[in-house]
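The next block holds one structure in the form of structure tokens; read it before the comments.
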Amino acid sequence: MEWTGIILAGGRSSRMGTNKAVLPIDGQPVIERLACELQKATDEVVISCGPSVLYAELGLPLRQDIYSGCGPLAGLHAGLAASARKWCLVVSCDMPFANAALFRYMAEQAQMLEDQRRGGHGEPVEAVIPYVGDRVQPLLAMYRRSVLPELERALGEGLLRVNHWISGLPAKYISGEELSQASGLPAELAVFNMNQPEDYKTAQLYAEQQNLGQRNC
């Protein structure tokens, strides 16, 4: 199954105090790491980055928000709207350990759902979303482009909370155990995101301990 990888990089990084996407893990910016891992799993990768041109040097298509100032949902919308493929995988630019093996596994789950849909088995499902501990991870997930009308409705009405939006989607949820097996990482690291300086220090430490910092592209 062909699918599009979307890196969400349009946030303000207010809690970090600097642009999270370009923070290096042993010399390689997080967004570059993610782009490399996505390119191992799919042939179409785009960056949803609002009006920014900071990432032009990565050589990937940049998608600007159609609904400006509406947060991650607007970034997801921009990426989905620009893709011609039925399924897209979205990953936030502050998730340094999400890897190609995990992306492939999620795509396989989407393919299974698509096969079931074509065969008329079960209810149509429009998302594949990890669930680790007591938290869903809607910014590391696969979405079918058929969610666009509902997404546009939410954006048009100013309903911008991601978790509220996904609560209305028919979705398959992937457990932490599945994530760990697929990625080769503890589930908490597979979905680890850097919101604050302390999180960045933790990411650097883990990368050094596990020798994950070497450039992977």
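For the condition in contact with a strand residue (DSSP E or B) (Cβ under 7 Å, 6 or more places away or on another chain), surrounded by 14 or more Cβ atoms within 10 Å (Cβ to Cβ), under 12 Å from Tyr173 (Cβ atoms) and among the small types (Gly, Ala, Ser), Ala110 does not qualify.
Checking each residue in the range 19-35 for being of a type in the set (Val, Ile, Thr) and over 14 Å from Lys201 (Cα atoms) picks out Val22, Ile31.
Any residue in the range 118-129 that is surrounded by fewer than 16 Cβ atoms within 10 Å (Cβ to Cβ), in contact (Cβ under 8 Å) with a residue 24 or more places away in the chain and not polar (S, T, N, Q)? The answer is yes, given that some residue of the range 118-129 is surrounded by fewer than 16 Cβ atoms within 10 Å (Cβ to Cβ), in contact (Cβ under 8 Å) with a residue 24 or more places away in the chain and not polar (S, T, N, Q). If you check Val46, Val53 for being more than 27 Å from Glu208 (Cα to Cα), under 12 Å from the mean Cα position of the chain (by Cα) and aliphatic (A, V, I, L, M), only one passes: Val46. Taking the criterion of being free of Cβ contacts under 8 Å to residues at least 12 places away in the same chain and either among the small types (Gly, Ala, Ser) or part of a helix (DSSP H, G or I) (or both), the residues of the range 48-80 that qualify are Ala56, Glu57, Gly59, Gly69.
Looking for something touching a residue at least 12 places away in the same chain (Cβ under 8 Å), farther than 28 Å from Ala203 by Cβ, of a type in the set (Gly, Ala, Ser) and in a helix (DSSP H, G or I) - is there at least one such residue anywhere in the range 81-88? Checked against the condition, which is being touching a residue at least 12 places away in the same chain (Cβ under 8 Å), farther than 28 Å from Ala203 by Cβ, of a type in the set (Gly, Ala, Ser) and in a helix (DSSP H, G or I), the range 81-88 yields at least one hit. Evaluate the following for Ile174: is it surrounded by 12 or more Cβ atoms within 10 Å (Cβ to Cβ), aliphatic (A, V, I, L, M) and under 30 Å from Gly69 (Cβ atoms)? Here the answer is no, as Ile174 does not meet what is asked. Condition (residue is at pLDDT 95 or above, under 17 Å from Leu179 (Cβ atoms) and either buried (at least 22 other Cβ atoms within 10 Å of the Cβ) or in contact with a Ser or Thr (Cβ under 9 Å, 6 or more places away or on another chain) (or both)) applied to the range 67-76: is it met by at least one residue? Scanning the range 67-76, I find no residue that is at pLDDT 95 or above, under 17 Å from Leu179 (Cβ atoms) and either buried (at least 22 other Cβ atoms within 10 Å of the Cβ) or in contact with a Ser or Thr (Cβ under 9 Å, 6 or more places away or on another chain) (or both), so the answer is no. Would you confirm, using the coordinates I've provided, whether Tyr55 is over 23 Å from Val132 (Cα atoms) and of a type in the set (Ser, Thr, Tyr)? Yes. Would you check if Glu157 is more than 15 Å from the chain's Cα centre (by Cα) and without any contact (Cβ under 8 Å) to a residue 40 or more places away in the chain? Against the criterion (more than 15 Å from the chain's Cα centre (by Cα) and without any contact (Cβ under 8 Å) to a residue 40 or more places away in the chain), Glu157 qualifies. Every condition in (1) at pLDDT below 95; (2) under 30 Å from Ser68 (Cβ atoms) is met by Leu151 except one, and the failing one is (1). Sort out which residues of the range 160-169 are surrounded by fewer than 16 Cβ atoms within 10 Å (Cβ to Cβ) and under 17 Å from the mean Cα position of the chain (by Cα), and write them in order of number. Arg161, Asn163 - these are the residues of the range 160-169 that are surrounded by fewer than 16 Cβ atoms within 10 Å (Cβ to Cβ) and under 17 Å from the mean Cα position of the chain (by Cα).
The values are calculated or read from the model by the stated rules, or taken from the named source; none is laboratory data. All values derive from a computational prediction rather than experimental measurement. Don't worry about glycine lacking a Cβ; one is built from the backbone with ideal geometry, like all the others, and counts go over all protein chains shown.
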